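The values are calculated or read from the model by the stated rules, or taken from the named source; none is laboratory data. Nothing here was measured: the structure is a model prediction, and the numbers come from that model. Note that each Cβ is placed from the backbone with ideal geometry, even for glycine, and that neighbours are counted across all protein chains shown. Note: accessible area is taken over every heavy atom of the protein model, side chains too, but ligands, DNA and RNA are not part of it. Shrake-Rupley method; radii C 1.70, N 1.55, O 1.52, S 1.80 Å.
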Amino acid sequence: GIMRKLNLLFVIILAFVLLTGFQPTTTAEKKITEINENSTEASTRFASCQNNIKTNPAYQSVFSHMSYRKEPTLTQLADTAQPTDKEAEIIIAIHNDNAKCRAKLIEDLMRIIPSVVPILVENFHANDIINAQLIQHKINWGSANQQILTSDDNGKKKFGEEMDRLLRELQISHNVELSQRKADAELSQREAAEAEQAVEAERSRKQAAL
């Protein structure tokens, strides 16, 4: 789902950091390093929370109908059954557990990459509506799986666009700062050369006056 896109962002950021090959010096490089360090921790924490749900024995009857943290199988997409009352209770229990994982992830991302939070919240909300319709028997398992798959695809697209924008923004900031440093260094060199020339001219004037 969309969270695999988040993990991809962490990989891209880490690759960017490694490619620099030196300690971060520009504001953008420092930001990328900070994002990488904090997002890796956030990703690990979220994955651990999600894995506790995925491996919960009490939830496996629902996961046989609906894949968790991976794309549904063809059998699941073709499933025309609807959840039993017991399975509906389990869906609600999964949602409650998952809400804790989501809340911590959102809290982390608000500190790290706040611009992606609205995309995640929108995706979470869309999938919650689908699960609510499933519980109310307005749709079947197969339809729910397909709609969640579509919802996640839309979320991944928006997430990818935001990733691209973020990395472009950081790259531009990096280039601008390096250009400004170069211009400042050149100005300092010119000023030093002019000062040296002025000193030399004054020395020559005094010698000529002797």
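Taking segment 106-210, how much of its Cα-Cα pair set, in percent, is spaced more than 20 angstrom apart? Summing the P(r) tail past 20 Å for segment 106-210 gives 67 percent. In units of the compact-protein estimate 2.2 N^0.38 Å, segment 169-210 shows a Cα radius of gyration of 2.00.
Between helix 2-20 and the chain there is an angle of about 20 degrees, using the helix long axis and the longest principal axis of the Cα atoms.
Exposed loop sites here are trypsin sites (Lys or Arg not before Pro) assigned a DSSP state other than H, G, I, E or B and surrounded by at most 13 other beta carbons within 10 Å; excluding them, the longest clear run of the chain is 139-210. Accessible surface computed residue by residue for the chain, with neighbouring protein chains in place and a 1.4 Å probe, gives 59 Å² per residue. Between Asp128 and Ala58, the modelled labels are 2.1 nm apart [label points 7 Å from Cα along Cα→Cβ]. Within the chain, all pairs of alpha-carbon atoms sorted by distance into 5 Å bins from zero give the percentages 1, 6, 12, 14, 13, 10, 8, 6, 5, 4, 3, 3, 2, 2, 2, 2, 1, 1, 1, 1, 0, 0. Distance from the alpha carbon centroid of segment 148-202 to that of segment 36-113 works out to 40 angstrom.
Give the shape of segment 76-121 as rounded, prolate or oblate, defined through the alpha-carbon gyration tensor: a ≥ b ≥ c are the square roots of its eigenvalues, a/c under 1.5 means rounded, and otherwise the shape is prolate if a/b is larger than b/c and oblate if not. Oblate, because a/c is 1.5 or more while a/b does not exceed b/c.
For segment 134-174, the Kirkwood hydrodynamic radius from C-alpha pairs, put into Stokes-Einstein at 4 °C and a viscosity of 1.567 mPa s, yields a diffusion coefficient of 105 µm² per second. With all protein chains in place and a 1.4 Å probe, the accessible surface of segment 131-188 carries 53 percent carbon and sulfur.
Compared with the dominant principal axis of the Cα atoms in the chain, helix 85-112 is inclined by about 10°. The angle between the Cα long axis of helix 141-209 and the main principal axis of the chain comes to about 10°, on a 0 to 90 degree scale. Distance between the 7 Å Cα→Cβ label points at Asp153 and Glu191: 5.9 nm. Full extension of the chain between Val176 and Glu34 yields a length gain of 49.2 nm, computed as 0.36 nm times the residue separation minus the alpha carbon distance. Using a Gaussian network model of the chain in which every pair of alpha carbons under 10 angstrom is joined by a spring, one finds that among Asn52, Asn98, Asn38 the greatest mean-square fluctuation is at Asn52.
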